Amino acid sequence: MKLTRRRLLKATTVTATTALGACAGGLDGGDGGDGEPNVDFDATPDPEFDASPEDLDASAVDDDAAATDSAALDATRDAARDAALDARTADARADAAADSGVTVMNPDFRSVPERAGLFPYAVMAGDATDTSIIFWTKYDGTTPLTLRVLEMNGSAIVAVRFNGAVTVGAGGFVRVIVNGLRANKLHRYAFLVGPASAPTGRSAIGTVQTAFAADTLAPIVFGGTSCSHPTAAPHPVLQHAGSRTDLDFFIHLGDHIYADAGTNAVSLAEYREKYRMNWDTAGMRALHRSTGMYLTWDDHEVLNNWNPETFSATRLGYARQAFFEHRATRRDSAAPNRIWRKFRWGRTAEIFILDCRSERRPSTASTNAARASTYLSRTQMDWLKAGLRASPCVFKFILNSVPIVDRAGGDSDNWNGYASQRREILDHIVDNSINGVLWLSGDVHFGGVCKVESAGAWSRIWEVVMGPSGSNRDANPSLVAAQWPVRVLDNIHSYTVVRANPSTRTVAVEFINAAGNRIAGSAWSHTF
């Protein structure tokens, strides 16, 4: 596999705003409530910090690429990443020479011994904008904790972007938002144990990329999957995905855990235990630390095919609390229960992250499009329609936990079971000539690429069904080849790689197995 991180050299440089809602990478949760009756057990805002640029003592920077992590997996991955990134030359070095950061006497934490036992789930970063990232870990220690974020150029430290004490929340979970970062930059980060000036240990080292600045048009490469059943532990598919150094970010489309695997989780402690079953595996740890995450949920984070109209509000509150506790996913201050949100990578791509579970009303379900049904709340639907229509981006990726294609599973459980809203959103795309829309979905325990309808106006709209990374089907579905040019069946666990080039308006897709090989017949490309 050719490792090509093009980010720091390929993009047009545009001055970035530090406002969280900026065009380039703004978080947008809409402008209304979600209407849910559930109890919110933990809606405390995540602490936010601004990067504080000061002169960096160049003599304090350790550029030694031979500095290694104590864990073999860290060393292998970081060495490969350094080799790929060191290929950058003139432009990146000029950029670094003109930069500044926070003064730290010895900023390089790679030689600090890893204390994996204190950080059982490693680290994660996600919901990246052009200037802001949320950082996450679970910490089982009692010694004060520091988060350090380094902007990198290969193995060389360009600047210390953040170096500050963080608060450990209930259950040992740490969620910290750092603002004021620079667009289109690669960062290494770690949580440090003990005095910030002389830490005695650290977490695993994570890597994350800030999104493109507002007017940037450049290619992106990202990965995605769904349906990670704990019986597939230690999740070798995800471990391979986590070994890559060429992904701008990774998406998980839901069923990231199975709260109903074995016994059903009911209490907060039981939901946390279900997360432990997956988070405490080599595959999850490798994936979560390897690149930035954009995440949503499906049904198994709560209970298989749970009904929001009848489900216990208390139990849903526990499931939702556990969802946010275990992810680098932002909470909207005005609507902390809301999961749907969107992000931009310059003018290349806008990423719409849907919640296709907690707002549906099964009592309204109907395959008759003439009968009003509620799959998304009116607020979420209007937000999605307005965002698609207004987006200046070449590509619009809709992260959709349950497929919108016809006959992708039980019709009563997907968009087909709520036919009026399915027609509403697909007609909206067609009637407004919204180009570059690609639905990215999970749930159904097979992979593939398809037209959402075999004929008619909607047949021009495409969907990629990602995964599964750890779940199996009882039997293969019946899929029409003309509608499904790619079908990944036979219980092959996989993740998907998407390459989107705005200059050619082309998206290329391939499915990768646990051995790191492209699955035969899984390559597909389309020009929008």
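In this structure, does Ala261 turn out to be among the small types (Gly, Ala, Ser), open to solvent by 10 Å² or more (accessible area, probe 1.4 Å) and not in a loop (DSSP other than H, G, I, E, B)?
Criteria not met by Ala261.
Among (1) farther than 19 Å from Arg327 by Cβ; (2) out of contact with any Leu (no Cβ under 6 Å at 6 or more places or on another chain), where does Thr245 come up short?
(2)
Given the residues Asp260, Asp280, which is the only one that is touching a residue at least 24 places away in the same chain (Cβ under 8 Å), acidic (Asp, Glu) and over 25 Å from Asp140 (Cα atoms)?
Asp260
Go through (1) at pLDDT 95 or above; (2) assigned to a loop (DSSP other than H, G, I, E, B) and name the single condition Asn368 misses.
For Asn368, the exception is condition (1).
Any residue that is open to solvent by less than 10 Å² (accessible area, probe 1.4 Å), in a helix (DSSP H, G or I) and in contact with a strand residue (DSSP E or B) (Cβ under 8 Å, 6 or more places away or on another chain) - is there at least one of those in segment 343-362?
No, segment 343-362 contains no residue that is open to solvent by less than 10 Å² (accessible area, probe 1.4 Å), in a helix (DSSP H, G or I) and in contact with a strand residue (DSSP E or B) (Cβ under 8 Å, 6 or more places away or on another chain).
Taking Thr146 as the residue in question, decide whether it is β-branched (Val, Ile, Thr), farther than 18 Å from His288 by Cβ, part of a loop (DSSP other than H, G, I, E, B) and at pLDDT 95 or above.
Answer is no for this residue.
Considering only residues of segment 311-329 that are open to solvent by 10 Å² or more (accessible area, probe 1.4 Å) and assigned to a loop (DSSP other than H, G, I, E, B), which is nearest to Leu399 (Cα to Cα)?
It comes out as Phe311.
State which residue is surrounded by the most Cβ atoms within 10 Å (Cβ to Cβ) when the search covers only segment 271-310 and only residues that are in a loop (DSSP other than H, G, I, E, B) and among the aliphatic types (A, V, I, L, M).
Among residues in segment 271-310 that are in a loop (DSSP other than H, G, I, E, B) and among the aliphatic types (A, V, I, L, M), the one surrounded by the most Cβ atoms within 10 Å (Cβ to Cβ) is Val302.
Any residue at all in segment 472-479 that's on the phi < 0 side of the Ramachandran plot, open to solvent by 50 Å² or more (accessible area, probe 1.4 Å) and either touching a helix residue (DSSP H, G or I) at 6+ places or on another chain (Cβ under 6 Å) or in a strand (DSSP E or B) (or both)?
Looking through segment 472-479, none of the residues is on the phi < 0 side of the Ramachandran plot, open to solvent by 50 Å² or more (accessible area, probe 1.4 Å) and either touching a helix residue (DSSP H, G or I) at 6+ places or on another chain (Cβ under 6 Å) or in a strand (DSSP E or B) (or both).
What residue, of Thr225, Thr216, is of a type in the set (Val, Ile, Thr), in contact (Cβ under 8 Å) with a residue 60 or more places away in the chain and closer than 22 Å to Ala282 by Cα?
None of the other options fit; the residue is Thr225.
The values are calculated or read from the model by the stated rules, or taken from the named source; none is laboratory data. These numbers come from a predicted model, not from an experiment. Backbone-built Cβ (ideal geometry, glycine too); neighbour counts: all protein chains shown. Side chains are part of the model used for accessible areas, which takes the heavy atoms of the whole protein and leaves out ligands, DNA and RNA. Shrake-Rupley method; radii C 1.70, N 1.55, O 1.52, S 1.80 Å.
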